[in-house]
Amino acid sequence: MILGVVALTIPLLTGLAPACATTGPLAVAQPYATVDGQVRAGAVRIFTDFTERQTITQDDPEPGDMFGSALATGDFDDDGCTDLAVGASEEDEGPLNGADGHGVVEILFGLTDRKVVKLPGSGGDRFGAALAAGDLDGDGDDELAIGAPGGGSVYVYGQGSKLRRIKNEGGSVTDQFGEALTTGDFDGNGTDELVIGAPGANLIRQGEGTVTLVGKGGRRLLYSQETYGIDGLSESWDAFGAALASGDFNADGRDDLAIGVPGEGLSSLQRAGDYGEGAVDVIYGSPGGLRPAGAEAWTQNTLAGEAVMYDRFGTSLAAGDLNGDGDDELVVGVPGENAVQVLPGTKTGGLTKNHNLLIPGPKDAEFGAAVTVIDGHLVVGAPTRGEVVVYRGSVKKGSYPGVNKNGRKLAEGDGLFGFGLS
């Protein structure tokens, strides 16, 4: 379905960051920030070369907009420089009175001009609750996928001035279709596919979760813990698909997919509705696309640390080459434990538990609620403490994480600073 889109190009009024920085830019969300007296209006702080350059807010902030509810970076205009997309999922025309927002997205081109993308109509769609960038049509520039889980849809922006709607088929609004997004070239053909998480979806259990891959021509493939080859059993409230990340963990030239299952229970003591210890499922790419038959399941039962209920291992995910050997490492957020786990990638078999690293953070900080990799360095958000920490990567080829436990606090702030990173 093709929908019209309202778009305005507005020059930024704040100090400008360099259009193409050496490292970054890194965007840090602060969605509960008070702006011009408007509580929870939201802000995004921009860092280049790990130096703070500017703070971005909406021109007309309103209470509860949550500007910064989601972030994504990509090259949307094919100029070779990084552009930034920012979601404000609770933006609405008029007071919300406790209801979900309709949502809006702003795209900042080279951090010098912005375009406001609005979804026609009204309602609690939460347009902009999740964002992902990727070249979905092979034309050389990135498209932007925009999650609207309150409306059970994902929209693709980037071809002219139209939005393409991808609707949840046969599901309900409670599926949270579009709550998590990623893109990746899983078959190595040069064009990215879109992956959509629906962590509240019901197949045979309530809230078990599903993941949908949307490929060329709109072809769809559905994955769950009931899919042959994917480890584990579907259980109520597993939230399979609550987080997604793609990276090349075995350096074969094709992306692989990591799927967070933060509600996964590893103990018989877990009760319905309890957060579990958590797990991450990894499906490797192949010339034919994702290959579930060779999937892996990772938990802290086999890694450094101890699996404990409410750890929520897999709440956030990121992939990137932290040790400079050409394959990506997988970073797993464990905010219930206030920790981050790093699994090394290898050219001889993908991810390995050899030298896996558990990085502890401060208590009661939700450390690991957001993670990203910027130019070979790990960045971790601790939003309830309002801190962002950087762990510098270093070259060490083989099954090594590339980082150690010694990080440097990049910045701090209020308003859930560190809620999102890109």
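What relative contact order, as a whole-number percentage, does the chain give when Cα pairs under 8 Å and 6 or more residues apart are counted?
Rounded, it is 11 percent for the chain.
Give the residue list of trypsin sites (Lys or Arg not before Pro) in region 345-392 that are DSSP loop and have at most 14 other beta-carbon atoms within 10 angstrom. Walk me through the numbers before you get to the answer.
Details: sites: LYS347, LYS353, LYS363, ARG385, ARG392; in loops: LYS347, LYS353, LYS363, ARG385, ARG392.
Listed in order of number, the matching sites are LYS353, LYS363.
Work the Kirkwood hydrodynamic radius out for the chain: mean of 1/r over every pair of different alpha-carbon atoms, inverted, in Å.
After inverting the pairwise mean of 1/r, the radius is 21.1 Å.
Accessible area per residue for the chain in Å², computed with a 1.4 Å probe and the full protein assembly in place, what is it?
Solvent-accessible surface per residue comes out at 39 Å².
Would you tally the net charge around TYR284, using a Cβ to Cβ cut-off of less than 10 Å, leaving TYR284 out, and scoring K and R as +1, D and E as -1?
-3
Antiparallel versus total DSSP beta bridges in region 235-353: what percent is that, nearest 5?
Taking every DSSP beta bridge within region 235-353, about 95 percent pair in antiparallel fashion.
Sort region 216-264 into rounded, prolate or oblate with this rule: let a ≥ b ≥ c be the square roots of the eigenvalues of the Cα gyration tensor; rounded if a/c is under 1.5, and if a/c is not under 1.5, prolate when a/b is larger than b/c, oblate otherwise.
Since a/c reaches 1.5 and a/b is larger than b/c, the shape of region 216-264 is classed as prolate.
Given axes a ≥ b ≥ c from the Cα gyration tensor, I'd like to know whether region 226-347 is rounded (a/c under 1.5), prolate (a/b larger than b/c) or oblate.
Since a/c reaches 1.5 but b/c is at least a/b, the shape of region 226-347 is classed as oblate.
Starting from the Cα-Cα distance between LYS363 and LEU203, subtract it from 0.36 nm times their residue separation and give me the gain in nm to one decimal.
Result: 54.0 nm gained on full extension.
Which order, highest average first, do 372-380, 135-143, 44-52 follow once you tally other Cβ atoms within 10 Å for each residue and take the mean per peptide?
Put in order of decreasing packing, that is 372-380, 44-52, 135-143.
What percentage of the solvent-accessible surface of the chain, computed with a 1.4 Å probe over protein heavy atoms, is contributed by carbon and sulfur atoms? Please list the in-between numbers first.
On the way: 7690 of 16370 Å².
About 47 percent, which is the carbon plus sulfur part of the accessible surface.
Evaluate the charge dipole of the chain about its Cα centre and quote only its size in Debye, nearest 20, assuming +1 on the Cβ of each Lys and Arg and -1 on the Cβ of each Asp and Glu.
That gives the chain a dipole magnitude of about 540 debye.
With +1 on each Lys and Arg Cβ and -1 on each Asp and Glu Cβ, and nothing else charged, work out how big the dipole of region 109-197 is about its Cα centre, in Debye to the nearest 20.
My answer is approximately 660 debye.
Taking each pair of different alpha-carbon atoms in region 286-422 once, compute 1/r for the pair, average those values, and report the inverse of that mean as the Kirkwood hydrodynamic radius in Å to one decimal.
Working: mean 1/r = 0.0665 Å⁻¹.
About 15.0 Å for region 286-422.
The values are calculated or read from the model by the stated rules, or taken from the named source; none is laboratory data. Owing to the predicted nature of the structure, the values given are computational and were not obtained by experimental measurement. We place every Cβ from the backbone using ideal geometry, glycine too, and count neighbours over all the protein chains shown. For accessibility, only protein heavy atoms count, side chains too; no ligands or nucleic acids. Shrake-Rupley method; radii C 1.70, N 1.55, O 1.52, S 1.80 Å.
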